[in-house]
Amino acid sequence: MDFKKFADLIMIEQTTFALPFAYIGILFAGGGSLSQWLWATVALVAARTAGMSFNRVLDAGIDAENPRTADRLIPRGEVSRFSVWSMGIGFSVMLIFAAYMLNTLVFHLSFAAVAMLFSYSLFKRFSSTSHFYLGMVEAAAPIGGYLAVTGSFEMLAFLPGAAIFFWIAGVDILYAVQDIEFDKSRGLHSIPVRIGKERSLTLSAFCYTLSIAALIFAGYAGDMTSLYWISLIAVAGIFLRQQGLAQRDSTPYEDRIKQVFAINRFVSPAIFIGTLADVLARLYL
């Protein structure tokens, strides 16, 4: 598989979007060492690649039937299932090794992380809670980043995780709205299928509100200063814009959801930059 196909398969641009998740946890834990940043980066990249590989191969049949996803590489026959399975397993091993290089607690938890990465794609076959399961998978990144530094569970580890959990669940609900009819026809489960479009949009907005609340609590718990709070204002602005786009009926929903995801990639960098600037200011000013 050449790099272009590899990048397309795992949506490599979203790996860079996900990296700040782990870094936020490291910063809330005090900053960590260079080696902890390195191995946390390896672990996050490996986890993201393994998760996307499992998703693509497990959902290949569904993707082939959905007009929106039928042009993905496996349905088109450009990449074999065997090669994608191999990639998922190989990067899972890389994740476990990176966790081993961090500390014992993270190493033990890495096996549960691999199980979550594999099982996420199966959830929509029997439960509408898949959006929240995905949120839990993504929330493991900041929690893992915190544990990579401290090696122990503390309440502060879970507040950034809660923010990621509710944000990802909320945006995934918005994403699933566009597949309501297809999911119904194939017996797949989702919040939009279960409660309808309008109530799904309301639930998504509530999830976004809880995400902001978790970031506020994290800021107070971590004694963050003005630089963090400025970034939080920027995140709140992005959230409001996303929800406004989703709620507007003047253009087709598929077009609006593309705009939602176009600005969604700025959320984690905004939180990360504000947190990093705050930590550096307290260390050197």
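Brief remarks follow.
- Answer residue from the range 276-285, given it is over 20 Å from the mean Cα position of the chain (by Cα) and part of a helix (DSSP H, G or I) and is farthest from GLY25 (Cα to Cα) among those: TYR284
- Test: residue in the range 39-57 that is of a type in the set (Gly, Ala, Ser) and over 24 Å from MET136 (Cα atoms): no
- Scan the range 50-105 for residues that are among the small types (Gly, Ala, Ser), surrounded by 15 or more Cβ atoms within 10 Å (Cβ to Cβ) and out of contact with any Gly (no Cβ under 7 Å at 6 or more places or on another chain) and the total you get is 8.
- The set of residues in the range 211-233 being open to solvent by less than 50 Å² (accessible area, probe 1.4 Å) and over 15 Å from GLY25 (Cα atoms) consists of SER211, ILE212, ALA213, SER231, LEU232.
- Answer from ILE238, ILE257 - the residue that is more than 16 Å from the chain's Cα centre (by Cα), farther than 23 Å from ALA141 by Cα and of a type in the set (A, V, I, L, M): ILE257
- Scanning the range 248-275 for residues that are open to solvent by 70 Å² or more (accessible area, probe 1.4 Å) and in a loop (DSSP other than H, G, I, E, B) gives ARG248, ASP249, SER250, PRO252, ARG265, PHE266.
- All positions within the range 180-210 that are open to solvent by 80 Å² or more (accessible area, probe 1.4 Å) and either farther than 19 Å from PRO67 by Cα or at pLDDT 90 or above (or both): GLU181, LYS184, ARG194, GLU198, ARG199, THR202, PHE206, THR209
- For GLY31, the conditions (1) within 18 Å of the chain's Cα centre (by Cα); (2) within 21 Å of LEU105 (Cβ to Cβ) are fulfilled apart from (1).
The values are calculated or read from the model by the stated rules, or taken from the named source; none is laboratory data. This structure is a prediction, so every number in the text was calculated from the model and none was measured. Using ideal geometry, Cβ is built from the backbone for each residue, glycine included, and neighbour counts are taken over all protein chains shown. When the accessible area is computed, the model is the full protein with side chains, heavy atoms only, and any ligands, DNA or RNA have been set aside. Shrake-Rupley method; radii C 1.70, N 1.55, O 1.52, S 1.80 Å.
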